Amino acid sequence: MRTDLRTPTATEQHGAAVDDAVELFEGVCSSHDINIGQAVSEGFSYRYRAVGDDQVTTATSAVAAHRWGTINPGRQYTLAWATGPGMVLDTDRRDRITMRPNVPVMYPAGRPFTFDAAPAVQHVIRFDGAFLESVSAAVRGDLPGPLDLRAEADPDALPALRRTIAGAATTLWDPGADPVVRSVQHRRVAEAVIGAFDVTAASGVTAAGRGSVRVAQEWIAANAHRPLTTADVCRATGLSARGLQAAFHRVGAASPMQFLRDVRLHRVRAALEAGDPTTTTVSEVAQAWGFAHLGRFAGTYAGAFGERPSDTLHRRARRDTGQSPSSAPTASTTT
């Protein structure tokens with residue numbers, strides 16, 4: 001967990017101009033597609049308040065009108081609940097999420113998604129992606145990576161989640177709270193969210209050793225979506241290139257760059273297993289995880305998992321339709 005937290009910031013805006021509200025919420029949602037419709041009978045108004053730092057931000061908003069559009073969560077995971085009915089997420093999908101009053105859900109993560117909302121007060125807790133992933137990894141005893149969070153909470157874990165949020169609320173909403181206390185509460189809320197929503201499978205990548213090797217592996221896994229070199233790992237760990245290689249060799253681990261490749265291969269596999277073959281392509285997923293040479297990637301993937309990446313992508317479609325692998329159509333690994 002990072003200790004170099006910056007001072008929390010507090011934001012509060014309110015007004016009665018639709019254009020101002022659109023500008024505000026497009027900024028908050030990283031969107032260019034926020035729409036506000038007819039106001040309620042008392043007239044239009046909006047308000048927004050947020051307090052947060054580089055790990056966790058707590059926010060509440062109210063818009064006295066119907067609204068719809070697109071939210072781009074980027075590298076954040078968002079817990080949300082509304083005081084009233086009428087908010088639907090992923091409106092353009094068959095498995096849309098209909099939020100029930102005062103029942104927290106997780107926003108879709110890692111992709112833009114659509115929403116449609118009736119007038120209501122909404123509360124959200126936004127987690128920095130790397131922070132929540134590191135908490136999940138610690139809880140699961142695994143390496144950090146993208147999380148698979150169910151939309152609705154495990155019913156058995158929901159009471160504990162609510163108690164944790166209520167107990168942390170005073171600290172989360174106080175920008176002047178002691179940084180150590182704030183950090184402790186961040187982790188408690190994050191662990192409660194993980195307990196209620198996390199269904200992430202094991203990474204499939206074996207970590208080795210402790211100390212500097214483990215630190216390096218965790219840093220590589222958390223940053224595998226970025227272009228990385230050995231020099232980057234050295235800067236992150238404070239080791240020289242020779243010292244880094246020697247540390248990995250002593251514990252019998254693959255080299256840092258080999259470890260990075262293994263992490264990325266497993267990330268690709270997880271994305272292909274979860275992907276929709278009608279909208280997901282092998283080439284897009286592979287390139288997103290740093291594999292530029294698709295022919296070479298396909299061979300490496302097949303060597304690691306015993307099947308072509310296109311077979312992995314189409315497995316869900318075969319399962320849903322009851323097809324056997326031999327009866328399924330063959331697709332190119334670069335489509």
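The values are calculated or read from the model by the stated rules, or taken from the named source; none is laboratory data. This is a predicted model, so every value here is computed, not measured. Quick reminder, even Gly has a Cβ in these numbers, built from the backbone with ideal geometry, and neighbours come from all protein chains shown. Side chains included, ligands, DNA and RNA excluded: accessible areas come from the protein's heavy atoms. Shrake-Rupley method; radii C 1.70, N 1.55, O 1.52, S 1.80 Å.
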For this session: Place the peptides 69-77, 188-196 in order of packing, highest mean first, counting for every residue the other Cβ atoms within 10 Å and averaging per peptide.
Result: 188-196, 69-77
Exercise. Taking Cα atoms, how many degrees apart are the long axis of helix 294-305 and the longest axis of the chain, rounded to 10 and kept between 0 and 90?
Worked result: 80 degrees
Problem set entry | Top positive-direction residue, dipole computed over the chain with Cβ charges, set Gly37, Phe197, Ala117 | Phe197
Exercise. Okay, which of segment 280-314 sit inside 14 Å, backbone N to the point 7 Å along the Cα-Cβ direction of Asp92?
Worked result: 280
Exercise. Hey, if you put +1 on the Cβ of every Lys and Arg and -1 on every Asp and Glu Cβ in the chain, which of Phe291, Val184, Gly27 ends up farthest toward the positive end of that dipole?
Worked result: Phe291
Problem set entry | Highest to lowest packing among 32-40, 231-239, scored as the average C-beta count within 10 Å | 231-239, 32-40
For this session: Could you tell me how many degrees, from 0 to 90 and to the nearest 10, lie between the Cα long axis of helix 158-172 and the main elongation axis, the longest principal axis, of the Cα atoms of the chain?
Result: 70 degrees
Problem set entry | Accessible area per residue in Å² at 1.4 Å probe, computed on the chain | 50 Å²
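Per the helix-only calculation at 222 nm, which mean residue ellipticity applies to the chain, given -39500 (n - 2.57) for every DSSP H run of n ≥ 4 and division by its residues, nearest 500 deg cm²/dmol?
Numbers: 11 runs with 138 residues, N = 335.
Counting only the DSSP helices, I get -13000 deg cm²/dmol.
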